[in-house]
Structure formats: structure tokens, C-alpha cells
Amino acid sequence: MSDFTDEVEKNDDNLAPPPGSDYEVAFSYHSESQLERAYDKAEHWVKAGVKPQRIFLEDRSMSVINFRKVMRDPILIQAGVTRYIDFRCSLTLSDTDVDAVFSSVCYYDSEDQDPVYINAYDPELGSIKEVLGKVSQNLFDYLQKPLLQAQH
């Protein structure tokens, strides 16, 4: 499940990012062993752990889940700073692989501030990538857990 539960509701009127803000951050993970019921577990992780503002697409036949999430930056929370990260995520799953592509990624310090969409030259790109990497790694770790725990 996601460790990132601090969230803020942002107005959905602004779902389409402005032109030129189409920078994507992608992560790919490969498991040496088969991921048990990957789609079911990913769907549970998204709905129960991430709790997205909106799910755009859930397609079991294509093993794809697309959603939008606004969350407090967990790295800056530790420093006592509030920053929100707003992103869309497209998950593509297979028996051994997970691809997470984050798009329309923006950040802002308060709800009334205009969002800043990241690009390849943004000074905050490294920090934002670190947060998105934690989100995608969290999913991959969850998918690798066995469904049944061995009793001792």
C-alpha cells in the first residue's frame, strides 16, 4: 500500500496541461519471478493506497490503469515544507514487468498558487523524479509480495 496518504483536493477544471508541459517521467521494473495477480494487486494498491482524485482508465484486458493523484511531497514534509505534486500515472502490467509513466506533472506550494509543470530544465526535476520513483517503487514492492503469508 502507498505510504503517501497526505493529499489535497485540487480543482479538476484544469485537467489538460498547457501546451509544452508534456514532459514524462517513466520507470520500468522487472521481476525475476512471476508477479502473482499483478493487475488485481495494482488495482487494489491504486484504489486503497493511492486513493486517486480520478481514475481515467481501468482495462484488465490491456492490463492498464490510468489515474490522477495530488499528494503532498513526502520528501519536503520531512523538512517542514509543504509542496503538492499533481500527476497523471499510466500503469502497464505484465506477469513480470511494470511500467509507470507519469505525465502532466506539476507542483505548487498552496492551493491558490498556479501549478508549475515540470520540464527537462526545471531545477526541481530531480526532486520530483525522486518522489515519483518512490511512488512507483512502492507499487513494485507491493506487487512482489506473495498473496498468502507462510504461517510459522
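The values are calculated or read from the model by the stated rules, or taken from the named source; none is laboratory data. As the structure is a computational prediction, the values presented were derived from the model and not from experiment. No Cβ is skipped: glycine too gets one built from the backbone with ideal geometry, and neighbour counts run over all protein chains shown.
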Region 111-151, residues that are touching a strand residue (DSSP E or B) at 6+ places or on another chain (Cβ under 8 Å) and of a type in the set (Gly, Ala, Ser)
Gly133, Ser136
Val25 vs. criteria modelled with pLDDT under 80, in contact with a strand residue (DSSP E or B) (Cβ under 6 Å, 6 or more places away or on another chain) and not basic (Lys, Arg):
no
Give Lys129, Lys145 a once-over and let me know the one that is among the basic types (Lys, Arg) and under 13 Å from Val25 (Cα atoms).
Lys129
For region 84-94, indicate whether the set of residues that are loosely packed, with under 15 Cβ neighbours inside 10 Å, within 16 Å of Glu43 (Cα to Cα), over 14 Å from the mean Cα position of the chain (by Cα) and in contact (Cβ under 8 Å) with a residue 12 or more places away in the chain is non-empty.
yes
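Quick one: would you say Ser104 is assigned to a strand (DSSP E or B) and modelled with pLDDT of 95 or more? Spell out the reasoning first.
Numbers: assigned to a strand (DSSP E or B): yes; modelled with pLDDT of 95 or more: no.
It is false that Ser104 is assigned to a strand (DSSP E or B) and modelled with pLDDT of 95 or more.
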Considering every residue within region 51-68, establish whether at least one is in contact with a Pro (Cβ under 7 Å, 6 or more places away or on another chain), among the β-branched types (Val, Ile, Thr) and either surrounded by 13 or more Cβ atoms within 10 Å (Cβ to Cβ) or modelled with pLDDT under 95 (or both).
no
Being buried (at least 18 other Cβ atoms within 10 Å of the Cβ) and part of a loop (DSSP other than H, G, I, E, B) is the filter; apply it to region 69-83 and report the residue that is nearest to the chain's Cα centre (by Cα).
Asp73
Take Asn138 and tell me if it is buried (at least 19 other Cβ atoms within 10 Å of the Cβ), on the phi < 0 side of the Ramachandran plot and either under 11 Å from the mean Cα position of the chain (by Cα) or of a type in the set (D, E, K, R) (or both).
no
